[in-house]
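The values are calculated or read from the model by the stated rules, or taken from the named source; none is laboratory data. If you're wondering where the values come from, they're calculated on a predicted model, not measured in any experiment. Note that each Cβ is placed from the backbone with ideal geometry, even for glycine, and that neighbours are counted across all protein chains shown.
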Amino acid sequence: MTLDAWLIFLPAAFLMAVAPGPSNVLVASHSVRFGLTPALLAVAGRIVTFAGMILITALGLGAILAASEVAFAVIKWLGVVYLAWLGIQTWMAKPTAAAQAPVVTAVGLKAMMRREAMVAIGNPKAILIFTAAFPQFIDPARDYDAQMWVIGATFLVLEWFAAFIYGSAAAWFRRAAPSLKAAVIANRLTGAAFCLGAVGLAFARKD
């Protein structure tokens, strides 16, 4: 991969990572409810999941999954159900003032990571993005594996950076509006965003 190709890929990948979506809503929700540091640590669940998807793409299985109507439908509807459940759970979550944010234990952090992973897995569009977008930046005259390593690593770093942006914005909101009323509003907004994400995913098409 040439430097010129990488410099073109960089802003494109950043736009993909920073685009509003269930994963970025989730890190914002975690940041509001539990604090910025636990929220960013939990993003490891998303990063590991996306790394697996990128590996699948590199092995050539991504194209098979992307072409499968059945696989797309199964993943999509599992994602719809999970996002709807997450939305209802977030909407009904007991609000806490910013100064009273619960201490996140190791068990709690694992649960947050699991939610990050599940939201990432439940989005079939992710594997389509990796399968459709990544190959456009591959130079067939150069080593394929090395280029996929560079592209994959770059995207994962940008994905974490996007999570940092959303998590930091949510943390700033909680500091600026630390009341219980603000916490209720934050829960309602993120819960509604998850439900809207479920509706959007329900109408998503493979092509």
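Of the listed requirements (1) farther than 15 Å from ARG33 by Cβ; (2) at pLDDT below 85, MET118 misses just one: (2).
So GLY52 clears everything in (1) farther than 21 Å from TYR166 by Cβ; (2) at pLDDT below 85 except one condition, right? Which one? With respect to (1) farther than 21 Å from TYR166 by Cβ; (2) at pLDDT below 85, GLY52 is out only on (2).
In the range 174-184, which residues are at pLDDT below 75 and not charged (D, E, K, R)? Give the derivation first.
Start the filter on the range 174-184 by keeping residues that are at pLDDT below 75, which leaves 177-183.
ALA177, PRO178, SER179, LEU180, ALA182, ALA183 - these are the residues of the range 174-184 that are at pLDDT below 75 and not charged (D, E, K, R).
From PRO135, PRO140, grab the single residue that is over 21 Å from PRO22 (Cβ atoms) and outside any helix (DSSP H, G or I). Give the derivation first.
Working: PRO135 fails: outside any helix (DSSP H, G or I).
None of the other options fit; the residue is PRO140.
Here MET92 meets each of (1) more than 30 Å from ASP145 (Cβ to Cβ); (2) modelled with pLDDT of 85 or more with one exception, condition (2).
Among the candidates GLY35, GLY21, GLY45, single out the residue that is of a type in the set (Gly, Ala, Ser), under 30 Å from TRP172 (Cβ atoms), surrounded by 15 or more Cβ atoms within 10 Å (Cβ to Cβ) and modelled with pLDDT of 90 or more. Don't jump to the end; show me each part of the working.
On the way: GLY35 fails: modelled with pLDDT of 90 or more; GLY21 fails: modelled with pLDDT of 90 or more.
Selected residue: GLY45, the only one of GLY35, GLY21, GLY45 that is of a type in the set (Gly, Ala, Ser), under 30 Å from TRP172 (Cβ atoms), surrounded by 15 or more Cβ atoms within 10 Å (Cβ to Cβ) and modelled with pLDDT of 90 or more.
The set of residues in the range 145-160 being surrounded by 13 or more Cβ atoms within 10 Å (Cβ to Cβ) and touching a residue at least 40 places away in the same chain (Cβ under 8 Å) consists of GLN147, MET148, VAL150, ILE151, GLY152, THR154, PHE155, LEU156, LEU158, GLU159, TRP160.
State yes or no: is ALA193 in a helix (DSSP H, G or I), touching a helix residue (DSSP H, G or I) at 6+ places or on another chain (Cβ under 9 Å), farther than 22 Å from MET53 by Cβ and in contact (Cβ under 8 Å) with a residue 12 or more places away in the chain? Considered against the rule, which asks whether it is in a helix (DSSP H, G or I), touching a helix residue (DSSP H, G or I) at 6+ places or on another chain (Cβ under 9 Å), farther than 22 Å from MET53 by Cβ and in contact (Cβ under 8 Å) with a residue 12 or more places away in the chain, ALA193 comes out as yes. Of the set (1) crowded, with 18+ Cβ neighbours inside 10 Å; (2) of a type in the set (A, V, I, L, M, F, W, C); (3) at pLDDT 80 or above, all apply to MET1 but (3).
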